[in-house]
Amino acid sequence: MKKIVKLVGVMLAFLALAVIANPQSAQAAHDNYRVKTLKTYKNASSYTPDVAFHAMAKTKASVWTNQEFDKSIKANVFYKKGYKLANHKTTTWFVEKKVRIYHKLKSATYYYVANRTGHMQGYVRTNALTHGFSPYGYQIISTKWYNQHDYFHVKDSYKAKNVYVWNYAHTKKRVNLKDYPGAVFSKTQTVVMRHNGKDTKYVYLSGTLNGTTKSTMGYVAESAITGGLNPDHTGMNYVYPGYFVNNTDFNQYLQTGKNQKLAREIIKLFPNSQPDLGLSKIAAFNYDSFNNDVDGDPNPVSTTGYTDIKSFPTIQKWLYANHKASNATKIAGIKKLLDKEGYTASKRASMSGYKLGIQIVNNIVMPRGEAGDLASSYGYVFILGRAAN
């Protein structure tokens with residue numbers, strides 16, 4: 001027994017010496033906040049009602065920031081850059097964990113929470129929150145995700161009305177779609193927004209407003225939107241080949257588009273060859289590099305339905321080399337090269353049974369490349385072909 005008592009005494013002495021030798025380290029460890037997980041909830045990305053909470057009325061509590069959940073939080077971090085709940089009445093907080101935090105001889109129960117976007121997160125006392133979505137502002141209470149390659153546009157009956165694209169908090173109008181009747185969008189989600197006790201469906205859309213600007217995205221009332229490609233191309237500076245509904249709206253775009261003047265002059269060179277949407281897609285994707293994937297790989301389409309396809313690579317090469325020339329210079333050069341290849345004015349006028357595939361991008365500023373940076377872009381291609389039937 002005396003030996004045991006002596007051994008314990010020696011160990012305590014060593015421990016005391018260690019504390020005396022490094023008092024700052026011992027104090028720092030003692031000052032840290034220790035976290036014990038009591039319950040783990042659904043991942044906050046589900047945003048389900050069972051994990052939705054908002055601030056208690058008149059609370060003075062804060063959400064203490066900590067960007068990564070940890071079992072130990074340094075004292076100089078825990079109370080750093082907190083979010084006062086009173087300043088975020090419209091925020092719904094989604095609970096990820098319920099924890100007990102210990103500090104010195106005290107402890108308290110906290111939630112680890114995050115807002116819907118995830119840019120605000122941290123620990124908050126459980127008694128500072130109450131269950132449910134915030135009753136203030138616009139609250140997304142449910143979400144349904146969609147294939148982002150499904151297309152949507154404003155209904156015809158709404159084109160003369162104000163149709164606003166809103167930000168997430170529904171506090172800022174990003175754009176009025178009444179000013180962009182030709183726009184087409186992809187829809188990623190449908191949400192139900194609650195405001196003053198009323199639930200309204202919104203869709204989250206993204207797309208370019210006129211074909212040459214960076215994508216605009218935000219929430220639009222579902223009642224104003226319909227599915228499918230937009231047959232109206234009013235005000236569009238450029239329309240992607242896959243965004244046309246049929247030959248009718250494709251030819252209308254060629255004849256009315258403000259950036260299709262050169263295309264219209266080329267079409268006049270083939271008076272009996274009607275521009276064809278299917279053949280134009282073949283021209284754009286099989287005979288030109290402008291619509292290649294962002295990694296530069298070609299993305300050809302099927303030529304089924306067309307025969308006797310004639311391309312003009314020499315003319316195309318010349319147009320690319322002289323893309324800065326005037327339209328008059330370009331047309332003169334095209335005529336000269338067509339004559340050289342045997343496609344004189346008389347032959348072109350006598351051709352029957354041929355269709356024209358065409359895509360002309362004549363120095364249009366638009367997003368290009370993987371980053372989508374705005375740049376002056378050009379692409380020139382036209383081909384002839386017969387319908388297989």
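The values are calculated or read from the model by the stated rules, or taken from the named source; none is laboratory data. The shown structure was predicted, so the numbers you read here are calculated from the model rather than taken from an experiment. Here the Cβ is made from the backbone with ideal geometry for all residues, glycine too, and neighbour counts use every protein chain on show. Heads up: the accessible areas ignore ligands, DNA and RNA and are worked out on the full protein's heavy atoms, side chains in. Shrake-Rupley method; radii C 1.70, N 1.55, O 1.52, S 1.80 Å.
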Please compute the per residue accessible area over the stretch 185-281 with all protein chains in place, 1.4 Å probe, rounded to a whole number of Å².
42 Å²
Fraction in percent of alpha-carbon pairs per bin - 10 Å, the chain
4, 17, 19, 15, 13, 11, 9, 6, 3, 2, 1, 0, 0
Helix 2-21 against the longest principal axis of the chain: what's the angle in degrees, Cα atoms only, rounded to the nearest 10?
50 degrees
At what distance in nm do the modelled label points of Gln252 and Ser215 sit from each other, each positioned 7 Å from its Cα along Cα→Cβ?
2.7 nm
Taking just the C-alpha trace of the stretch 172-212, give me its Rg and Dmax in Å.
12.6, 40
Relative packing of peptides 169-175, 356-362 - highest average C-beta neighbours within 10 Å first
356-362, 169-175
For the chain, take the longest principal axis of its alpha carbons; what is the angle in degrees between that and the long axis of helix 277-286, to the nearest 10 within 0 to 90?
70 degrees
Starting from the 7 Å offset along Cα-to-Cβ, what nm value, one decimal, do you get for the label separation of Asp308 and Asp156?
3.7 nm
Could you state how much accessible area Ser350 has, in square angstrom rounded to the nearest 10, with a 1.4 Å probe and all protein chains kept in place?
80 Å²
So how tilted is helix 247-256 from the main axis of the chain? Cα-based, degrees 0 to 90, rounded to 10.
80 degrees
Please report, in whole Å³, the volume per residue of the convex hull around the C-alpha atoms of the stretch 112-222.
123 Å³
Please give, to one decimal in nm, the separation of the simple spin-label points placed at Ser72 and Lys324, each 7 Å out from Cα toward the Cβ.
6.5 nm
Residue with peak Gaussian network fluctuation, the chain [Cα springs, cutoff 10 Å], from Pro275, Pro181, Pro300
Pro300
Assuming a viscosity of 0.692 mPa s and a temperature of 37 °C, what translational diffusion coefficient in µm² per second does Stokes-Einstein assign to the stretch 47-185, Rh being the Kirkwood radius over Cα pairs?
186 µm²/s
Multiply the residue gap between Val192 and Thr234 by 0.36 nm, knock off their C-alpha separation, and tell me the result in nm, one decimal place.
12.0 nm
Given Lys89/Lys214; Lys74/Lys98; Lys155/Lys214; Lys178/Lys214, the pairs whose alpha carbons are separated by over 28 Å
Lys89/Lys214
Within the set Ala283, Ala371, Ala224, GNM on the chain using Cα springs under 10 Å gives the largest fluctuation to Ala371
Taking 0.36 nm per residue of sequence separation and subtracting the Cα-Cα distance, how much length would be gained by fully extending the chain between Trp145 and Glu265, in nm to one decimal?
38.7 nm
Which residue, Lys104, Lys317, Lys187, has the most motion in a Gaussian network model of the chain that connects Cα atoms within less than 10 Å?
Lys104
Please state, rounded to one decimal and in Å, the Kirkwood hydrodynamic radius that the stretch 175-270 gives when every pair of distinct Cα atoms enters the mean of 1/r.
15.0 Å
